[in-house]
Every structure is written in structure tokens, then in C-alpha cells.
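Notes for the one structure printed next.
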Amino acid sequence: MTRKIRLSKQQQRHIDRRRRVDDQTDTSLAPGIVVTHHGHDLLIEDSDHQLHRGRARRTVGRLTTGDRIRWHCDEQGNVMIEQREDRRNLLIRPDAYGKKKMMAANIDQVLVITSVLPWMNPDVVERTLVAVFALPATPVIVLNKADLLPGLAADERRAIEGNIALWESLGFEVIRTSVKSGEGIELLRARLHEQVTLMVGLSGVGKTSLSREVTPSADQAAIGEISTFNREGTHTTRASTLYRFPDGDGGLIDAPGVRDFPVEEVPSTALEDGFPEIHAASAYCRFNDCRHINEPGCAVRAAVADGDILERRLEQYQAMR
């Protein structure tokens, strides 16, 4: 005999509401995308690129910039988000306290923004590259404020140019930009065309200035509207924000500054893409399962000894592995 389960009124209301949501067709729930958020308040964009403020049902779960959603207006005219569509990918970064924070979803590519001042630790750049490969998405390194490079001290300039040359030699795309001189701006615009792109980097590297330069939707008026919504100052990015391009379906997501980018549960393919020189050399190790620590016949350690692979790169590879 099957036992009948008695549901509370609250449980029954929840089930009935979910049934109503699930039974609704695409025409009864409007499509949209999350532009930015502040706590439970969300700014969404409809299919006509109009912005609306709203909230999500608790059953929808946590949302982030770039999430594709389904919404409607209730009887009082309030925008209610009822569904979240499946994510193609999701970039998560642990904060300083180890709490995982969602940065953006459904990303095609990521601009890893570094600049002449402040210069980002190359280890952080390379950890970010691996995180992007793990999504998967396409990373592009951007050296911003390139006009300041000639004025640096010789040793500082050599350090920056040496890392840029290394990344280019490993096959990573690097774009040099300067809002002041205009260098690389048109190239960057072309690279962003019809792509949903996330920008990550230290505070102060010029992410917001670059976004204003490449898309009119990030001009002062738009930034003021977003800032009023977020209740923050106009010159500080507190939450990831999506800015649209006028001539296509792509967009640029400006994210808060990050000081580090720890990566968890790294897929082997992302490590191979992030450290291509180590992956290539490992094919010549004596043992297929060589860890490149102290095994005999390790081709990777031999390449480090010969100067063909940087020791700091191998150390970072070991730490992430």
C-alpha cells in the first residue's frame, strides 16, 4: 500500500507556483539578460535592449551578469524573474575570505587587462588564463596604458616587455592599448565584435576607461544610471556590468578589480593550454606519468635547466596541478 504524503499549505503553494511557471510558454515569459545586480535587486535588459529593474523568485537561485532569464510583470507592474536558462559557462572567483563569487556567465572571451601602471604580477595573469581556458572561453591579454612604457625605468620596462614577449611566443594573443594615444583601440573594437567579453584585472588598470572608449553605452550617462541603481560612485566598479555594442549582439562586461585569481579544480586540458611549453616538453619525458619533480629522464626539468622553460612557470604549473 502506497503511503500518501501530506503537504503543508506552503509546500503546496510552492509546487503550484512552480507548475504555473514551468507550464508557461516562451511567449508568456519575456526573454532577457542580467545587466548587473545589487543584492536582490537586478537590472535586466529585454529583447529590445530596454532596461528594467526587478527581482527574481527565490526558486530561480543566484543570478549573475550575463545570465539569460525569463521574466514578466506581475499585477502591480513589478518585474519578476521566473526562470534562468541553462548557462553555457560560469566564471567563479574565490574572494579574499575564500567565499566563491560569480563574476559572469555565458562568456565568449575574457580580456585579461594589465597595464604599465599598475603592473599585474605575471603569475596572476597566467592563473587567470588557465581559469579562462577552463570555462572554456578565449583569453586575450591587454597591455593598457602602453603610452607610459617609454617613460619607465629601464629595468621595469625590460620586465614588462620580457613577459609580454614570453606570452606572445607561447601563442597567447596580446593587444597593446592606450586611451590617451588611441593605440590599439580600433584593433580591440574589432576583437570584441559580436562577442560577449568579460574584462578582469587589478583596480586602476583602466578597465572602465577602455569600456567607455569602445562602446557608447558605457558613456557617462549610462555609467550614471548604473551607479544610481547600485548606489555607488560613478568611478568605482562594485558589480559586474554588461555594456552593449550598438552594431551587434555582443557586449562588454566590466568587472570589479581583482588582486589575485586562485583557480580550483583545474582540468588537465586547461593546464595544457595555459602552459603549452611544459605540455610540449612532457612528451619527451621517460615516464608517461612524470610529475616533473625529481623523476629520472624528465624532459621538462631538463628544459628548465637549459633555460628553455622558466622555473617560475614550472613552479606555478606544479602548484595548480
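Quick note: the coordinates plus some simple rules give every number you see, no bench work behind them. Note that the structure is a prediction, hence the values are computed from the model and not measured. Positions of Cβ are generated from backbone atoms using ideal geometry, with glycine treated the same way; all protein chains shown enter the neighbour counts.
Principal axis extents of the C-alpha atoms in the stretch 59-109 (largest first, rounded to whole Å): 42, 26, 16. Reducing the stretch 135-201 and the stretch 284-303 to their Cα centroids gives an inter-centroid distance of 33 Å. Karplus-derived 3J(HN,Hα) values for the stretch 275-291, using 6.51 cos²θ - 1.76 cosθ + 1.60 with θ = phi - 60°, are 10, x, 6, 6, 4, 5, 5, 5, 5, 9, 5, 5, 10, 5, 9, 4, 8 Hz; glycine and proline are entered as x. Here the Karplus curve 6.51 cos²θ - 1.76 cosθ + 1.60, taken at θ = phi - 60°, turns the phi angles of the stretch 53-62 into couplings of 9, x, 9, 9, 4, 4, 5, 6, x, 6 Hz, with x standing for Gly and Pro.
Relative contact order (percent) for the stretch 20-84, with alpha-carbon contacts under 8 angstrom and 6 or more residues of separation?
Values: 120 pairs, mean separation 20.7, N = 65.
Relative contact order here is 32 percent.
Quick one: if the Förster radius is 45 Å, what FRET efficiency do residue 170 and residue 57 give, using the C-beta to C-beta distance and rounding to 0.05? Walk me through the intermediate numbers first.
Values: r = 46 Å, r/R0 = 1.01.
Efficiency at R0 = 45 Å is approximately 0.50.
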